[in-house]
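The values are calculated or read from the model by the stated rules, or taken from the named source; none is laboratory data. Bear in mind the structure is a predicted one, so any value in this text is a computation, not a measurement. Neighbour counts run over all protein chains shown; Cβ positions are idealised from the backbone, glycine included. In case anyone asks, the SASA skips ligands and DNA or RNA and just uses the protein heavy atoms, side chains included. Shrake-Rupley method; radii C 1.70, N 1.55, O 1.52, S 1.80 Å.
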Amino acid sequence: MSKQAIGIFDSGVGGISIWREINALLPTEDTIYLADSRNAPYGPKGKERIIELAVKNTELLLQKNCKLVVVACNTATTNAIETLRSTYDIPFIGIEPAIKPAALNSKTKAVGILATKGTLSSALFFKTSHIFASDIKVIEQDGDGIVNLIESGRLFSEEMRALLKSYLEPMIKANIDYLVLGCTHYPFLMPLLIELLPKHVKIIDSGEAVARQTNAVLKHNDLLNTSAKKGVSEFFTNGNPEVMRSILNDPKLKVNYQDF
Ligand code: DGL
């Protein structure tokens, strides 16, 4: 049993989609969320820089006494989780694009994957797609620009609509029946994606699986908070707190600004 908090970080507000799943599955856990929005997007950055940023975020979560860290960012996971695991003595949970279920269930044998350049070019993604999707057509699309629009508060803008439309068109032409969301910012686009994709295309992400894995790892390490009291969630950003409030749809939410 441990009352220490679960630490969660992302390049910005995207990992809130993961925080939501963790909070729903493990409501008695305290959580500390870090949005490194000042350094967003991570996607176009090189591996070394992504590792530096992931280490910086982890150090801060350790200072805040977290018992486990969820890397709520596909780009940081696919580039930095090996380094984090070999450097620190706490459990890390990562997130990767859900290419396996999409490839296994696809009937048209064509799946689309929308992720950042950093994720699509990583060795980890290459390995996973090679193992599970070598016999199907995978239409990869770098979601360049999407994170910038979300981080600047333009989630449901005309620019976003046009950008998404251009990214989805080649996938629709290739007759995909699954779209994998390979970036934690993208679940917030769900209403637009549903509108722009044909009805039969299923949209999947890894958020729920990450929450289940967090539960399993806490349990295995005897770190679950078994108290009956509802947990406390703290949010920290080095960017604009308003963007986080609007993503959580809570204008009164306490978001702490911290320079990190
Ligand atoms: N949420 C991050 C991810 O899952 C966004 C990456 C970025 O900042 O470009 O990949």
* Please work out which residue is nearest to V55 (Cα to Cα), limiting yourself to segment 3-27 and to residues that are in a loop (DSSP other than H, G, I, E, B) and open to solvent by less than 10 Å² (accessible area, probe 1.4 Å). => S11
* Checking T119 against (1) more than 18 Å from A72 (Cα to Cα); (2) within 12 Å of the ligand (Cβ to nearest atom); (3) open to solvent by less than 20 Å² (accessible area, probe 1.4 Å), which test does it fail? -> (1)
* So which pairs qualify, if the first residue must be in segment 16-35 and farther than 18 Å from L224 by Cα and of a type in the set (D, E), the second must be open to solvent by 30 Å² or more (accessible area, probe 1.4 Å) and in a helix (DSSP H, G or I), the Cβ gap must be under 9 Å, and the two must be at least 6 apart or on different chains? -> none
* Within segment 43-68, track down each residue that is away from the ligand (no atom under 13 Å from the Cβ), charged (D, E, K, R) and touching a helix residue (DSSP H, G or I) at 6+ places or on another chain (Cβ under 7 Å). => K47
* Those residues of segment 3-25 which are of a type outside the set (K, R) and more than 21 Å from E96 (Cα to Cα), in sequence order -> Q4, A5
* Asked: Would you call I139 open to solvent by less than 40 Å² (accessible area, probe 1.4 Å), more than 16 Å from the ligand (Cβ to nearest atom) and at pLDDT 95 or above?
  -> yes
* **One residue from L218, L196, L223 being touching a Leu at 6+ places or on another chain (Cβ under 6 Å), away from the ligand (no atom under 15 Å from the Cβ) and in contact (Cβ under 8 Å) with a residue 60 or more places away in the chain** => L218
* Asked: Restricting attention to segment 124-134, which residues are touching a residue at least 40 places away in the same chain (Cβ under 8 Å) and surrounded by fewer than 18 Cβ atoms within 10 Å (Cβ to Cβ)?
  -> L124
